[in-house]
């Protein structure tokens, strides 16, 4: 088996595309429009990780989604956590303070997308998850 993609539903496709492309560096890999069924799928990938994709599902005319309490977050890794954090704050995105797991150095923060989804931004050099 191979991990292929994660799907999130978005209220405003263009706003979400701008966020994921500008804030996190995703590139549009492909798009499928289904106007008769009233939805569009856009697949985004990171340049250094083209095999895994984030699918943005846009259902035409749908109100904001209730995220519930089951969704946690998706995560992306960066080399320079402090520079990324400063750039996101300067750009006006909603970000948390730098944080770490109990007893560990600061190694991540969260940024929130236009629909309220949380994305964890992790320092790559400290991320060791087995």
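Read the figures in this text as sums done on the coordinates, not as results from a lab. This one's a predicted model, so the numbers in the text were calculated from it and none came from an experiment. Using ideal geometry, Cβ is built from the backbone for each residue, glycine included, and neighbour counts are taken over all protein chains shown.
Can you show me the helix-derived [θ] at 222 nm for the chain, built from DSSP H runs with n ≥ 4 at -39,500 (n - 2.57) apiece and divided by the number of residues, rounded to the nearest 500.
Rounded to the nearest 500, it is -4500 deg cm²/dmol.
Taking packing as the residue-averaged number of other Cβ atoms within 10 angstrom, the listed peptides 86-92, 8-14 run from highest to lowest as 8-14, 86-92. Each peptide in 61-69, 47-55, 112-120 receives the mean, over its residues, of other Cβ atoms within 10 Å, and ordering these scores from highest gives 112-120, 47-55, 61-69. For the chain, the longest principal axis of the Cα atoms and the long axis of helix 81-90 meet at an angle of about 50 degrees. On C-alpha positions alone, give me the angle between the axis of helix 13-22 and the longest principal axis of the chain, in degrees, nearest 10. Roughly 30 degrees, rounded to the nearest 10. Using only the C-alpha atoms, the convex hull of segment 69-130 corresponds to 99 Å³ per residue.
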